[in-house]
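Report on one structure; see the data block that follows.
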Amino acid sequence: MHDFTVLLLPDSYGSAVSATLDMLDAAAALAPGLGAPQPRWRVVAPGGGAVRLGNGMTVQAAPLPRQGTAAARRDGSVWVVPGLGMRRAEDLARRLAGDDARQAARALARHAANGGAVAAGCSAVFLLQAAGLLKARRVTTTWWLAATLRGIEPDCTVDADRMVCSDGPVHTAGAAFAQADLMLHLLRLRCGAPLAEAVGRVLLIDGRQAQAPYVMPALMAGGHELIRRLSAHIEAALPTPPGVAALARAFAMSPRTLSRQVRAATGHGTLALVQQVRLHRARALLEGSRLSIEQIAAQVGYEDATALRRLMRKRTGAPPSRFRRAAAAAG
């Protein structure tokens, strides 16, 4: 029996597929030395054969298991779908309408109906939605498609701040490289924390809890023009960020209308957008300047550094000093 079934579609994000397979391979190599169970996996795709990924690489896959077989009913593996490589909502809709995507969605639905667990990262979370597996679940996805997912699946809670969400047998992850975070999480659940931690150390993967530090405000709604203009207006006003009423006047609408449009586009209120712009600017200054945290706080409109530290911890799970250290290490 397999522990993991990696489900591929053509043009999937090559790095997400590679991360999945490389981490499983590393786990299998490390497991004997730790006395941990060795993970077993298979790679499947609609039709099987050579699957060409978005970066031109090809991966050999077996055909999808046949419906109704005893082996399919006994399948206790976690089905893992790496990101589909789709960046725009309109491209994603066309991709999911393809015959292979519909076959994959049906296979995922059958596996879940038999009591199996499913996992997906980035745009592949939409394949779980197409399979009817997100209703009444808390999930995450790549942050710039979060509003799209909220729109097509209003019965689920989309927590786009999270890197990984688990709700019962459904596991989801954020933007493309969150696939590594997802696999660490699944290895921890399936094979134990020692093996997952060993894989993280060997491959230099530091499990992250939040997408919030990486969100670019102008892209929060996938290119939504109003959000782009609001973000630019807010940033230009720093260090004196406008309030909701002032923003509404600047864009010739009532505060209620503005709030409704911002929430529809981003899933958050207008004040959350203002905060995100300020945090994004603060992070850019932390990483690209020698200004003190006190000076940066003043430049983004906080009276003291304590408020900035508190907000950064709340929204990103890390203090300002971590971003400065990371930038210094990268340089």
> Accessible area per residue of the chain at 1.4 Å probe, in Å²?
Replying inline: 46
> Counting Lys and Arg as +1 and Asp and Glu as -1, each charge on the Cβ, what is the dipole of region 28-159 about the Cα centre in debye, to the nearest 20?
Replying inline: 240
> Using alpha-carbon pairs under 8 Å, 6+ residues apart, how would you state the relative contact order of the chain in percent?
Replying inline: 13
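Using a 1.4 Å probe over the heavy atoms of the protein chains, calculate the carbon and sulfur portion of the accessible area of region 1-125 as a whole percent. Mind dumping the intermediate values first?
Values: 2790 of 5500 Å².
Taking all protein chains in place, region 1-125 shows 51 percent carbon and sulfur surface.
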> DSSP loop trypsin sites (Lys or Arg not before Pro) in region 110-147 with at most 16 other Cβ atoms within 10 Å of their Cβ, which ones?
Replying inline: LYS135
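May I ask you to derive the relative contact order of region 100-207, considering only C-alpha pairs under 8 Å and at least 6 residues apart, and to give it as an integer percent?
Numbers: 175 pairs, mean separation 24.6, N = 108.
Relative contact order here is 23 percent.
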>> Over the chain, with a Gaussian network built from C-alpha contacts below 10 Å, which listed residue (GLN67, GLN261, GLN276) shows the highest mean-square fluctuation?
In response: GLN67
> When the distances between all Cα atoms of region 11-84 are binned every 5 Å from zero, what whole-number percent does each bin get?
Replying inline: 3, 14, 20, 23, 17, 15, 8, 1
> Over region 25-136, what is the mean sequence separation of C-alpha contacts under 8 Å (at least six apart), divided by residue count, expressed as relative contact order in percent?
Replying inline: 22
> Using Cα atoms only, what is the angle between the long axis of helix 225-237 and the major principal axis of the chain, expressed in degrees (0 to 90) to the nearest 10?
Replying inline: 40
>> Per-residue counts of other Cβ atoms within 10 Å, averaged by peptide: what ranking do you get for 155-168, 93-106, highest first?
In response: 155-168, 93-106
> For Rg and Dmax of the Cα atoms in Å, which listed value, (1) 21.5, 66; (2) 19.5, 61; (3) 18.0, 53, comes from the coordinates shown?
Replying inline: (1)
>> With n ≥ 4 as the cut-off for DSSP H runs, can you work out [θ] at 222 nm for the chain, using -39500 (n - 2.57) per run divided by the number of residues, rounded to the nearest 500?
In response: -15000 deg cm²/dmol
> Among rounded, prolate and oblate, which fits region 4-131 when a ≥ b ≥ c are the square roots of the eigenvalues of its C-alpha gyration tensor, a/c under 1.5 means rounded, and a/b larger than b/c means prolate?
Replying inline: oblate
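The values are calculated or read from the model by the stated rules, or taken from the named source; none is laboratory data. Keep in mind it's a predicted model, so treat the numbers as computed, not measured. Cβ atoms come from the backbone with ideal geometry, glycine included; neighbour counts cover every protein chain shown. SASA here: full protein model, heavy atoms, side chains in, ligands and nucleic acids out. Shrake-Rupley method; radii C 1.70, N 1.55, O 1.52, S 1.80 Å.
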